[in-house]
Every structure is written in structure tokens, then in C-alpha cells.
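Below: one structure, written as C-alpha cells.
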Amino acid sequence: MSAPSAKLPPAAPLLAWYDRHRRVLPFRSQGGPGGGHPNPYQVWLSEVMLQQTTVAAVGPRFDRFLARFPTVEALAAAPEGDVMEEWAGLGYYARARNLHACARLVAGQGGFPRDAAGLRELPGIGAYTAAAVAAIAFGQPVVPVDGNVERVVARLAAEEAPLPGARPRLAALAGGFMEDPAARARPGDFAQALFDLGATICTPRAPACALCPWRGDCAAQQRGLQEELPRKAPKRARPLRHGVHFLLTDSVGQVLLRRRPPRGLLGGMLEVPGTPWRDERWGEAEAQDFAPLPGLSWRRVPGLARHGFTHFELEMVLLAAEIPALLPPDGMEARPLAEAESALPTVMRRLLHLPR
DNA sequence: AAAACGGGGCC
DNA sequence: GGCCCAGTTTT
């Protein structure tokens with residue numbers, strides 16, 4: 001373990017700025033000098049929700065989740081299907097499965113591990129979340145490195161190597177802040193101060209350098225590189241895939257749904273039954289082989305439903321049919337349309353929103 | 001090291 | 001339409 005070579009600015013100006021300008025957020029407790037540590041369950045829950053998810057999206061969902069599962073014991077005791085349903089629409093559903101598994105481990109152990117290394121062992125907790133919970137909930141002297149912190153540190157140090165290759169170096173650099181006694185005295189506030197700086201001042205585009213507590217200490221700003229950093233490696237193109245889905249309803253407004261396999265894409269979520277998603281379009285006849293019931297006369301719903309995933313774009317055709325009474329085949333279930341809407345992931349909601 | 005894994009908001 | 005977001009897991 002060697003000291004980082006680049007010089008970091010002092011922590012004190014950032015903490016002073018944070019004490020005046022910190023954001024008030026639903027999932028954030030009072031903090032500040034002398035403030036106690038927040039509830040570890042709530043910190044952990046918010047950090048998992050915030051993985052690749054914006055603060056604005058998490059706010060209301062955090063409150064709703066907490067109302068339904070107020071403690072880690074309550075979450076551990078809940079059926080996994082209830083947790084998946086509560087998570088519907090938030091994306092990255094592996095988070096919800098790991099959250100539930102983690103809750104069961106933590107409840108069984110009588111509480112969360114109090115340091116980053118112990119937290120890191122739990123499902124769904126990687127380097128970032130382990131450090132965030134350790135710093136914010138337990139006051140451990142570590143620096144969680146998220147996209148905000150990478151950006152801030154890349155600019156402070158004028159790091160020109162592109163992400164994700166530069167990640168280890170930026171993380172080591174960020175860790176150097178804990179050698180400053182001012183940061184070490186308030187690790188949770190320091191972490192959140194970096195988040196707030198990245199979210200409100202040191203933004204991805206058009207950073208407000210004139211308002212930055214570190215404006216005199218930033219190598220990127222001194223060189224006019226603040227808009228260019230951090231650099232990013234080029235991304236792969238997203239292919240277009242195709243599917244055909246079958247909306248089977250009954251005379252009392254129920255719809256037939258299927259539970260997806262527990263792992264992989266949309267793992268454990270409900271879906272409108274359909275064909276696999278593949279590169280080529282489906283012909284009418286071959287798609288019929290995947291209908292949930294044979295021998296029905298399906299009508300084509302006009303239009304196409306589109307949805308973008310991280311790594312591919314999906315174009316879906318919807319076929320509809322109605323029968324008097326649904327008797328769900330093995331692995332499927334019938335749900336009232338309104339209830340199905342809230343339990344389904346967004347890609348499936350798009351099908352229900354096609355004009356019918 | 002690279003790919004898989006959602007969804008929404010902003011320009 | 002591309003970029004970004006309080007990343008983690010699997011291959």
C-alpha cells in the first residue's frame with residue numbers, strides 16, 4: 001500500500017461547503033458535525049436502490065419500500081415474490097433478489113457487519129456499497145467511489161486515462177483523502193459531500209467551477225480540461241432484437257402472466273408470455289408455436305412496442321385473444337389487469353400500453 | 001477484461 | 001439518440 005502520487009486538496013473546504021449546501025434527501029438523515037449515525041438498514045437500502053439509479057427516481061420508492069418493509073427483519077421474513085413486486089419498475093432486478101438474500105443473512109447474524117470488508121462479503125454489496133455503508137452508517141474511515149467521486153477525482157488530478165481503465169487509480173487516489181484528519185473525523189459526511197459536489201457543482205456537463213470549494217485546487221480547471229474529463233472508452237453498439245407476445249384475457253378482465261426464470265434478464269419477474277427475443281423478426285406461423293394455449297385465433301394489435309435494455313434494443317409485436325375463463329398452465333398465473341400493470345417490469349408495461 | 005444487467009431524465 | 005446515474009455479478 002503506497003501513498004498516492006498526486007496531491008489532493010484539503011478536506012476542510014469541502015466539508016464546510018457541505019455543511020452549508022448539502023442536499024436534503026428522503027433517504028438521508030441529519031448528519032453534520034456531532035450528528036449520530038443513521039440507521040444501517042436504511043443506509044444499506046438506499047445505497048442499493050441508488051446503484052445506477054437517480055436520486056429523483058429513488059426518493060418516493062425508498063419511502064414506499066420502507067413503509068412495506070420497515071426493518072431488515074421484516075424484509076427477511078417476506079416472501080421473495082413480494083419483494084420483487086415492490087421493486088417492479090426500478091430495474092436491475094438482481095438487486096432485489098440479492099437484497100432479500102442479504103436481509104436474511106443479516107437478520108440471522110443479528111445485524112450488519114460494521115466494517116467494509118465484512119459488508120463486502122454480503123450478496124449485492126460490492127466495493128462501493130460496502131464503503132458507503134461503512135462510512136455513512138458506521139463512521140469507518142473509507143471513501144466510497146461512485147461515478148460522482150470518479151469524476152471529481154479525475155478532474156482534481158487531471159487524470160487523462162479513460163474509464164473504466166482508470167478506475168483503480170482513481171479509487172486509490174480517492175482513498176488518500178482519509179489521510180486528512182478533517183475527512184477522517186467525518187467519513188460519512190465526507191463521502192456524501194463528494195456525492196453532492198459531483199451532483200450539483202462538478203457535474204458531467206458544464207460544471208459550475210466558479211462555485212466549487214476546491215476551485216483553486218483543481219488541475220483540470222487550471223488546464224481548461226474540466227469539460228473533457230473523465231474520458232470514457234468507446235461503447236459497443238446495441239443490436240435490435242425481436243419478440244412476439246401473447247395477451248390472453250378472460251371475461252372478468254384478468255390477464256395471463258408467466259414467471260421468468262430466477263436468474264438472468266428480468267430474473268424472477270412476471271412477463272406477458274411470448275417468443276424468445278432474437279435477432280431476426282418472427283413469422284406469423286412460427287411465433288404461434290410459443291402461444292400459451294394452442295388453437296386460439298389471435299388478432300394482431302396494431303403498432304409495435306419498443307424498449308431499450310442496456311445491451312440491446314427490443315421490438316415487440318403483440319397478439320391478443322380472449323377466452324371465457326383462464327385456467328393458468330403450469331408456471332403461469334392469472335392476474336387482474338390493473339394489478340398486473342404495477343407488478344410488471346417496464347418492458348412488459350409497454351405491451352399493455354399499446355393502443356387496443 | 002469484458003459483458004450482462006433496467007429504466008428514466010436530460011440535452 | 002446518446003449520455004448519465006450513490007454498481008454488482010458473471011463469464
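The values are calculated or read from the model by the stated rules, or taken from the named source; none is laboratory data. Since the model is a prediction, treat every value here as computed from it, not as a measurement. Cβ coordinates were reconstructed from backbone atoms using ideal geometry, including for glycine residues, and neighbour counts include every protein chain displayed.
Show the residue pairs meeting these rules: Cβ distance below 6 Å; 6+ apart or different chains; first residue within the stretch A:21-38 and at pLDDT 90 or above; second residue crowded, with 16+ Cβ neighbours inside 10 Å and in a loop (DSSP other than H, G, I, E, B).
From the stretch A:21-38, the pairs are A:Pro38/A:Ser29.
Among the numbered criteria (1) surrounded by 11 or more Cβ atoms within 10 Å (Cβ to Cβ); (2) closer than 19 Å to A:Asp250 by Cα; (3) more than 28 Å from the chain's Cα centre (by Cα), which one does A:Pro324 miss?
Going through (1) surrounded by 11 or more Cβ atoms within 10 Å (Cβ to Cβ); (2) closer than 19 Å to A:Asp250 by Cα; (3) more than 28 Å from the chain's Cα centre (by Cα) one by one, A:Pro324 breaks only (1).
Only one of A:Arg155, A:Arg184 is of a type outside the set (Val, Ile, Thr), surrounded by fewer than 17 Cβ atoms within 10 Å (Cβ to Cβ) and away from DNA strand B (no atom under 15 Å from the Cβ). Can you tell me which?
Exactly one residue qualifies, and that residue is A:Arg184.
Do you know which residues across the stretch A:120-161 are more than 7 Å from DNA strand C (Cβ to nearest atom), in contact (Cβ under 8 Å) with a residue 40 or more places away in the chain and of a type outside the set (A, V, I, L, M, F, W, C)?
A:Gly139, A:Gln140, A:Pro141, A:Pro144, A:Glu150, A:Arg155, A:Glu159, A:Glu160
In the stretch A:243-275, which residue that is outside any strand (DSSP E or B) and more than 27 Å from the chain's Cα centre (by Cα) is nearest to A:Ser297 (Cα to Cα)?
In this case the residue turns out to be A:Asp250.
Can you list residue pairs whose Cβ atoms sit under 7 Å apart, with the first residue in the stretch A:50-65 being in a helix (DSSP H, G or I) and the second being surrounded by 15 or more Cβ atoms within 10 Å (Cβ to Cβ) and among the small types (Gly, Ala, Ser)? Count only pairs 6 or more apart in sequence or on different chains.
That search, which allows pairs on different chains as well, returns A:Val58/A:Ser46; A:Phe62/A:Ser46.
Condition check: assigned to a loop (DSSP other than H, G, I, E, B) and out of contact with any strand residue (DSSP E or B) (no Cβ under 7 Å at 6 or more places or on another chain). Does A:Gly165 satisfy that?
Against the criterion (assigned to a loop (DSSP other than H, G, I, E, B) and out of contact with any strand residue (DSSP E or B) (no Cβ under 7 Å at 6 or more places or on another chain)), A:Gly165 qualifies.
Of the residues A:Arg114, A:Arg95, which is modelled with pLDDT of 95 or more, part of a helix (DSSP H, G or I) and among the charged types (D, E, K, R)?
Just one listed residue meets the conditions, A:Arg95.
Check the stretch A:16-33 and report whether any residue there is surrounded by fewer than 16 Cβ atoms within 10 Å (Cβ to Cβ), within 24 Å of A:Glu121 (Cα to Cα) and over 21 Å from the mean Cα position of the chain (by Cα).
Taking every residue of the stretch A:16-33 in turn, none turns out to be surrounded by fewer than 16 Cβ atoms within 10 Å (Cβ to Cβ), within 24 Å of A:Glu121 (Cα to Cα) and over 21 Å from the mean Cα position of the chain (by Cα).
Pairs please, first residue from the stretch A:218-239 and without any contact (Cβ under 8 Å) to a residue 60 or more places away in the chain, second anywhere and within 16 Å of DNA strand B (Cβ to nearest atom), Cβ atoms under 9 Å, 6+ apart in sequence or on different chains.
Pairs found: A:Glu227/A:Arg205; A:Glu227/A:Ala206; A:Glu227/A:Pro207; A:Pro234/A:Pro162.
Using the structure shown, decide if A:Trp282 is in contact (Cβ under 8 Å) with a residue 12 or more places away in the chain, among the aromatic types (Phe, Trp, Tyr), more than 16 Å from DNA strand B (Cβ to nearest atom) and surrounded by 13 or more Cβ atoms within 10 Å (Cβ to Cβ).
yes
Give the residues of the stretch A:333-354 that are assigned to a helix (DSSP H, G or I) and within 8 Å of DNA strand B (Cβ to nearest atom), sorted by residue number.
Residues satisfying the conditions are A:Thr346, A:Val347, A:Met348, A:Arg349.
Yes/no per residue for (1) assigned by TED's automatic domain parsing to the domain that holds A:Gly139; (2) within 16 Å of DNA strand B (Cβ to nearest atom); (3) among the charged types (D, E, K, R); (4) closer than 22 Å to A:Gly267 by Cα:
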{"position": "A:Glu86", "(1), (2), (3), (4)": "yes, yes, yes, yes"}
{"position": "A:Tyr93", "(1), (2), (3), (4)": "yes, yes, no, yes"}
{"position": "A:Gly110", "(1), (2), (3), (4)": "yes, no, no, no"}
{"position": "A:Asp115", "(1), (2), (3), (4)": "yes, no, yes, no"}
{"position": "A:Gly126", "(1), (2), (3), (4)": "yes, yes, no, yes"}
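For A:Glu47, are the conditions met, namely being surrounded by fewer than 17 Cβ atoms within 10 Å (Cβ to Cβ), within 19 Å of A:Leu122 (Cβ to Cβ) and within 16 Å of DNA strand B (Cβ to nearest atom)?
In short, no.
Give all pairs with beta carbons closer than 9 Å in which a residue from the stretch A:256-275 that is β-branched (Val, Ile, Thr) meets a residue that is at pLDDT 95 or above and near DNA strand B (Cβ under 9 Å from one of its atoms); count only pairs at least 6 apart in sequence or on separate chains.
That search, which allows pairs on different chains as well, returns A:Val272/A:Leu344; A:Val272/A:Met348.
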